[in-house]
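Each remark here refers to the structure printed beneath this line.
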Amino acid sequence: MSTKVTKIAVMTSGGDSPGMNAAVRAVVRACIYNNIECMGILRGYQGLIDNDLIPLDSRSVRNTISRGGTFLQSARSKEFRTVEGRAKAYKNFKENNLDALVVIGGDGSFTGGMIFNKEHKVPVIGIPGTIDNDIYGTQFTLGYDTALNTVVEVIDKIRDTASSHNRLFFVEVMGRDAGFIALNAGIGAGAEEILIPEENLGIERLIDSLNVSKKSGKTSSIVVVAEGDKTGKSVFELADYVEKNMPEYDVRVSVLGHMQRGGSPSCFDRVLAGRLGVRAVELLLEGKSNLMVGINNNKITSTNLEKAVKLHHDIDKELLKVADILSI
Ligand code: ATP
């Protein structure tokens, strides 16, 4: 990149996650610290197409660190997927005298950023914001830790009622393609079984395992199921199947849904947001582009955006083993 960066824009895009506001705040304050201007783009890429931008100064992000969601709002923009849409976005980018863009979002948002960079040479840095933790190049995405704590808190409550009634609860958590929430929250909440998209443990194994639990004296059980679990059955179909095969259990289903995305970010997510936001601005000032900031072994790192989008983390086999051992 040849031009000096004096004014940047920040946006939140795709699904919202706790910690996005804290990351916007960090980007804004890092800009002010480095004597550059910052604008906020409302509603992700669609806001850039519609020229919906606001100037952000240090005070405009006060009282945002603890808020869930995103005050810049987020959107999924179909128009940005077209050449014409991106040309409109670029026109507004230039008219606002912007030099670079920070995109807080998931892999779709990063793909959009890479294409925008390729077509219009706009320097782009990505900050991973998604509760699913399914982005390569960072051990933690913004919002994941908060979502885990939310899920564990809710499952603890479900267990109270499950154990009062000898009930078997199927709890569906988010994770269409990745089982990180299910596996970690499942272990954290002491689930008897955890079903995830990455591993097909088989429905018969589930029945066997529940039978073993029953024989060992357990009077209630919690099965955590990721949305996209590999059995290919919905949580309701799974519950029906088990109810037919284990009539002694009173089976219930609880789908946690969007509550997992909301809420005030955990301290971990707030600190992570601060570190990632500051580094994103520093990278732009160093003339870098097409990178995603992340955290690995407690160090802030950067990964090529293309790698971040194309590659995937494997599920940790050790965690699978631990889940198995602890559920006896
Ligand atoms: P989440 O993890 O919550 O799904 P995400 O960032 O992956 O977040 P997407 O809806 O996939 O969410 O992408 C967000 C936005 O990024 C899209 O609405 C679109 O505007 C832009 N985008 C995604 N893919 C492309 C693409 N191939 N070309 C141009 N823009 C894209």
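Tabulated values for the structure
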{"item": "Qualifying residue in region 91-111 (condition: within 14 Å of the chain's Cα centre (by Cα), crowded, with 17+ Cβ neighbours inside 10 Å, more than 10 Å from the ligand (Cβ to nearest atom) and acidic (Asp, Glu))", "result": "no"}
{"item": "Search result, residues across region 89-109 that are in contact (Cβ under 8 Å) with a residue 40 or more places away in the chain, under 16 Å from Ala9 (Cβ atoms) and in a helix (DSSP H, G or I)", "result": "Ala89, Asn92, Phe93, Glu95, Ser109"}
{"item": "Evaluation of Ile300 against (1) crowded, with 19+ Cβ neighbours inside 10 Å; (2) in contact with a helix residue (DSSP H, G or I) (Cβ under 6 Å, 6 or more places away or on another chain); (3) over 30 Å from Asn166 (Cα atoms) (one fails), failing number", "result": "(1)"}
{"item": "Within region 22-54, tally of residues that are over 22 Å from Lys88 (Cβ atoms) and within 16 Å of the ligand (Cβ to nearest atom)", "result": "2"}
{"item": "Scan of region 266-294 for residues that are of a type in the set (Gly, Ala, Ser) and in a helix (DSSP H, G or I), ordered by number", "result": "Ala273, Gly274, Gly277, Ala280"}
{"item": "Of the criteria (1) within 23 Å of Tyr144 (Cα to Cα); (2) aliphatic (A, V, I, L, M); (3) part of a helix (DSSP H, G or I), which one Leu48 fails", "result": "(1)"}
{"item": "Qualifying residue in region 129-145 (condition: modelled with pLDDT of 95 or more, part of a helix (DSSP H, G or I) and not hydrophobic (A, V, I, L, M, F, W, C))", "result": "yes"}
{"item": "Hits in region 113-128 - residues which are assigned to a helix (DSSP H, G or I) and either away from the ligand (no atom under 16 Å from the Cβ) or closer than 29 Å to Asn297 by Cβ (or both)", "result": "Gly113, Met114, Asn117"}
{"item": "Qualifying residue in region 161-174 (condition: more than 11 Å from the ligand (Cβ to nearest atom), assigned to a helix (DSSP H, G or I) and touching a helix residue (DSSP H, G or I) at 6+ places or on another chain (Cβ under 6 Å))", "result": "no"}
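The values are calculated or read from the model by the stated rules, or taken from the named source; none is laboratory data. None of the values given here were measured: they were computed from a predicted structure. Neighbour counts run over all protein chains shown; Cβ positions are idealised from the backbone, glycine included.
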